[in-house]
């Protein structure tokens with residue numbers, strides 16, 4: 001608090017009874033840590049799923065290329081859906097479809113595909129680390 005008042009004096013601003021919102025800073029920090037943990041978890045999950053599908057795990061680290069590999073793992077001819085997924089607004093439909101089919105490739109169960117679309121933080125690690133779930137490539 002004293003440093004804040006010294007800073008105000010050096011800037012020539014009048015002194016006030018202003019206290020910085022420490023609780024807000026703490027909440028923002030906690031949200032940042034939770035977001036970082038989710039990003040790390042999903043990166044590990046995609047790494048494992050790519051390896052299960054026969055791709056190299058490092059491909060999950062590159063943002064757009066990783067998505068392209070995910071589409072390639074999921075579909076025979078992913079070109080059109082990948083381009084459509086890059087268009088704002090329309091892109092949500094192919095993304096949901098590809099997420100469903102991506103989970104279906106590992107589980108062969110439509111229910112797991114729907115659950116993966118709704119709860120990827122729960123179903124993703126289940127698919128990645130579960131020995132029960134094996135990748136089956138798309139049929140031609």
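Quick notes on this structure:
- Nearest-ten-degree value, helix 92-107 long axis tilted from longest Cα axis of the chain: 60 degrees
- In this calculation the C-beta distance from residue 93 to residue 118 is compared with R0 = 25 Å, giving a FRET efficiency of 0.95.
- Remark: the Cα gyration tensor places region 65-117 in the oblate category, a/c being 1.5 or greater and a/b not exceeding b/c.
- Fluctuation leader among 65, 22, 104 - the chain, Gaussian network, Cα springs under 10 angstrom: 22
- Compared with the direct C-alpha span, the chain from residue 30 to residue 65 gains 9.6 nm at full extension, assuming 0.36 nm per residue.
- GNM top mover of 94, 21, 63 - the chain, alpha-carbon springs below 10 Å: 21
- Across 113, 124, 89, mean-square fluctuation computed from a Gaussian network of the chain (C-alpha pairs under 10 Å connected) peaks at 89.
- C-alpha long axis of helix 63-74 to longest principal axis of the chain, angle in °: 30 degrees
- Relative contact order %, the chain, counting alpha carbon pairs below 8 Å whose residues are six or more apart: 20 percent
- Expressed as a fraction of 2.2 N^0.38 Å, the C-alpha radius of gyration for the chain is 1.56.
- Cβ-Cβ FRET estimate between residue 80 and residue 23, R0 fixed at 35 Å, reported to 0.05: 0.10
- Acute angle (nearest 10 degrees) that the helix 120-129 long axis makes with the longest principal axis of the chain, alpha-carbon atoms: 50 degrees
- Calculated SAXS-style log₁₀ I(q)/I(0) at q = 0.22, 0.32 Å⁻¹ - region 22-66, Debye, Cα scatterers: -0.70, -1.03
- Cα-projected label distance for residue 39 with residue 131, points at 7 Å along beta-carbon direction, nm: 3.4 nm
Readers should treat all values here as calculations from the given coordinates under stated rules, not as data from a laboratory. Just so we're clear, the structure is a prediction, and the values are computed from it rather than from any experiment. Neighbour counts are summed over all protein chains in view; Cβ atoms, including those assigned to glycine, are modelled from backbone coordinates with ideal geometry.
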